[in-house]
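Asks: Quick one: the structure is below, questions incoming.
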Amino acid sequence: MSQKGFYGEFGGSFVPGPLQAVLDRLDDAFQTAKTDAEFMKEYRHYLREYVGRDNPLTFAQNLTAKCQGAKIYLKREDLNHTGSHKINNAIGQILLAKRMGAKRVIAETGAGQHGVATATACAMFNMECVIYMGKTDVARQALNVFRMELLGAKVVAVGKGQGRLKEAVDEALTDFVQNYQDTFYLLGSAVGPHPFPEMVKFFQSVVSEESKRQILDKEGRLPDAILACVGGGSNAIGAFAHYIEDASVRLIGVEPKEAATLTEGIPGTIHGFKCLVLLDEQGNPQPTYSIAAGLDYPGVGPEHSHLQASGRAEYVAVTRQEAFDAFLTLSKTEGITPALESAHAVAYALKLAPQLSPDKIIIVNLSGRGDKDVAQVYDMLNG
Ligand SMILES: *Cc1c(COP(=O)(O)O)cnc(C)c1O
């Protein structure tokens, strides 16, 4: 076990020796790359020219008027190429993969969003791409599988267990250990053994770096609260990162009631790191059933587990009905259809804003756009 990568009692690296050796090599490469001006210049270049950053910090004037409370701003990760924050991390990690001489990139995906972001980055950088996806998810997300194949990726359906995200991660880790010499594992959220949570945070921190500059520009002061949905926790940690030291800014993570790891979980180990985790009666990770597939993970990033324990951040849960209503409300009032994941953060904003006075400011991280969810919402309304 490595001492690095701990956030209070959470995080670390609890993996077999051969995998630890591979992770140590990855950690060395990452620590060197992030202080290398050339590497950072390249990362910024692709964020600008390929992802389309900076994206706006939009004042939600109609939603603010409707809530009759705090001013609501939306950080527009939905406007990124491929439609969510995931591409920020995919670009950062693929540049690292290239630097390490990898020829092949592998990734896990649940709903397919991270698979699509990874396949996109691989197409752009001409890398062989293999995406592991649980068999059940492959069946549910046929269009996303096709999207990844269009981008040149090979999608491997994992039949073990429940055939969901957890099994896909297990399979990707096995591949990584066997093929580490030419293969890079591009992990999609702020989870996993060290150095993944630190690395994913680093590449997602651009979200709060921008939002801080933008809010100071627009309002001349820091916001009172930042809201973000939490699955594994990558968009939230990116949205929080540059405000963690600003004690006046409330950091609020929003989970689905059906996968409320931070509000209902207990300390445990999953996929080689310690965090709050939802366990069943046998002590195994419990399958979760959120309407937002991207939030369905029974563990959560170690830093969020620690921010909760230390009291620096607050974590709340909203119901599927509240998220669903927020999806419709934001579409109608602002002409912005959020991803169902992001709709959870919007749902909590609709509760919080009316309780605050009009001189308060909140920023909601709109982690992705809802185009991918329109068919599902149609079925929910008409089914
Ligand atoms: C994957 C995804 C999430 C959840 O992942 P985090 O790592 O918790 O950010 C949230 N929103 C969107 C749009 C996603 O695609």
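Computed from the coordinates by the stated procedures, all read-outs in this text should not be read as laboratory data. Just so it is clear, the model here is predicted, and its values are computed rather than measured. Cβ placement follows ideal geometry from the backbone for every residue including glycine, while neighbour counts extend to all protein chains displayed.
Asks: Of the cross-linked pairs Lys218/Lys360; Lys75/Lys218; Lys41/Lys75; Lys166/Lys274, which ones have a Cα-Cα span greater than 18 Å in the structure shown?
Replies: Those over the limit are Lys41/Lys75.
Asks: GNM on the chain, C-alpha springs below 10 Å: top fluctuator among Lys103, Lys201, Lys274?
Replies: Lys103
Asks: Assign unit charges at the C-beta atoms only (+1 for Lys and Arg, -1 for Asp and Glu), then state the dipole size of region 72-161 relative to its Cα centre in Debye, rounded to the nearest 20.
Replies: The dipole of region 72-161 has a size of about 180 debye.
Asks: If you don't mind, another one. Once you measure Cβ to Cβ distances between cysteines in the chain, which Cys have no partner under 4.7 Å?
Replies: Flagged as lacking a Cys partner: Cys67, Cys229, Cys275.
Asks: Relative contact order of the chain, please, whole-number percent, based on alpha carbon pairs below 8 angstrom and at least 6 residues apart.
Replies: Relative contact order of the chain: 21 percent.
Asks: Using the Kirkwood radius built from alpha carbon pairs, what does the Stokes-Einstein equation give as D for the chain at 25 °C and 0.890 mPa s, in µm² per second? Each step should come with its number before you reach the end.
Replies: Numbers: Rh = 20.6 Å.
For the chosen part, D equals 119 µm²/s.
Asks: Starting from 0.36 nm per residue, how many nanometres of slack lie between Asp379 and Asn284 once their C-alpha separation is accounted for?
Replies: Numbers: separation 95, 0.36 × 95 = 34.20 nm, distance 3.21 nm.
Contour length minus the Cα-Cα distance gives 31.0 nm.
Asks: Evaluate the charge dipole of region 244-308 about its Cα centre and quote only its size in Debye, nearest 20, assuming +1 on the Cβ of each Lys and Arg and -1 on the Cβ of each Asp and Glu.
Replies: Magnitude of the dipole: close to 40 debye.
Asks: Under a straight-distance cross-link criterion of Cα-Cα below 13 Å, which aspartates and glutamates are reachable from Lys71, leaving out those fewer than 8 residues away in the same chain?
Replies: Cα-Cα hits under 13 Å: Glu219, Asp224, Asp359.
Asks: Multiply the residue gap between Lys332 and Arg104 by 0.36 nm, knock off their C-alpha separation, and tell me the result in nm, one decimal place.
Replies: 77.8 nm
Asks: While we're here: Using mean Cβ contacts within 10 Å as the protection proxy, how do 285-293, 181-189 order, highest first?
Replies: Most protected by this proxy first, the peptides run 181-189, 285-293.
Asks: Moving on to the next point. Taking amide H atoms as placed 1.01 Å from N in the peptide plane, list the residues 5 or more away in sequence, or in a different chain, whose amide H sits under 5 Å from that of Val318.
Replies: Residues meeting the criterion, in which the H sits 1.01 Å from N, are Glu255, Lys257.
Asks: Can you give the relative contact order of region 106-206 as a percent, counting alpha carbon pairs under 8 Å and 6+ residues apart?
Replies: It comes to 30 percent, rounded to a whole number.
Asks: Compute, for the chain, the length of the dipole vector about the Cα centre, with Cβ point charges of +1 (Lys, Arg) and -1 (Asp, Glu) only. Units Debye, rounded to 20.
Replies: For this selection, approximately 580 debye.
Asks: Further question on the same structure: Between His45 and Thr174, what length in nm is gained on full extension when 0.36 nm per residue of separation is reduced by their alpha carbon distance? Before the final figure, lay out the partial values.
Replies: Details: separation 129, 0.36 × 129 = 46.44 nm, distance 3.31 nm.
Full extension from His45 to Thr174 adds 43.1 nm.
Asks: Moving to a separate point now. Give me the angle, in degrees from 0 to 90, between the Cα long axis of helix 86-99 and the longest principal axis of the Cα atoms of the chain, rounded to the nearest 10.
Replies: 30
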